[in-house]
Amino acid sequence: MIAIASDHGGFALKQEIIAHLKSKNVAFKDFGCYSPDAVDYPDYAKAVTNAVLSGEYTQGILICGTGIGISIAANKVPGIRCALCHDVFSAEATRLHNDANILALGGRIIGPSHAIMVVDTFLSTPFSNDERHINRISKIEN
Ligand code: RB5
């Protein structure tokens, strides 16, 4: 189950990604926002980080205008590894190497077709489980 949220800057891209997830029968919950009206991105980062840490959601997707503010906010939360990716290589690498549990995107940076390829790569790539990566991640968490 995927937890997804955006601020107003990411709202339009989120609608495209939600339509894609529906078309692929990927289970998700939309934690807002629910209109293009201006909101504060840290509130939506908090909703998705809580959802992922609860264990009920395997991964999260967060979108703001650039992806920067919302990823900064998410990465303040212990246990969250939020990766801002605007290319497929980074999306694959952050799953393999960092076991990132949230993908951040910038709705004013990337178009929907490319973003959907990034999302699909992020959601379908498993963590490598390589010892060197486990060791490095543990140095982040502790
Ligand atoms: C909102 O205007 C914008 O600042 C926000 O979406 C995001 O880009 C912040 O990093």
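In region 32-97, the portion of solvent-accessible area held by carbon and sulfur atoms comes to 57 percent [1.4 Å probe, whole percent, DNA, RNA and ligands not counted].
Show the residues, 5+ positions off or on another chain, whose built amide H is closer than 5 Å to the amide H of I61. Residues meeting the amide H criterion: A3, I4, A5, L103.
Label zone of D37 (point 7 Å out along Cα→Cβ, amide N under 15 Å): in region 5-22 this covers 7-9. Projecting the Cα atoms of S138, V48, C64 onto the dipole axis of the chain, where Lys and Arg carry +1 and Asp and Glu carry -1 at the beta carbon, places S138 farthest toward the positive end.
For the chain, the longest principal axis of the Cα atoms and the long axis of helix 112-124 meet at an angle of about 30 degrees.
Structural descriptor for region 1-129: relative contact order 28 percent, calculated from alpha carbon pairs under 8 angstrom and at least 6 residues apart. Dipole check for region 1-130: with +1 at the C-beta of Lys and Arg, -1 at the C-beta of Asp and Glu, and the Cα centre as origin, the magnitude is about 80 Debye.
Compared with the dominant Cα axis of the chain, that is its longest principal axis, helix 131-141 is turned about 60°.
Solvent-accessible area per residue in the chain equals 50 Å², computed with a 1.4 angstrom probe and all protein chains kept.
Each part gets one Cα centre, and for region 48-69 versus region 81-142 those centres are 12 Å apart.
The values are calculated or read from the model by the stated rules, or taken from the named source; none is laboratory data. All values reported here derive from a predicted model rather than from experimental measurement. We place every Cβ from the backbone using ideal geometry, glycine too, and count neighbours over all the protein chains shown. Surface areas here come from the heavy atoms of the whole protein model, side chains and all, with no ligands, DNA or RNA. Shrake-Rupley method; radii C 1.70, N 1.55, O 1.52, S 1.80 Å.
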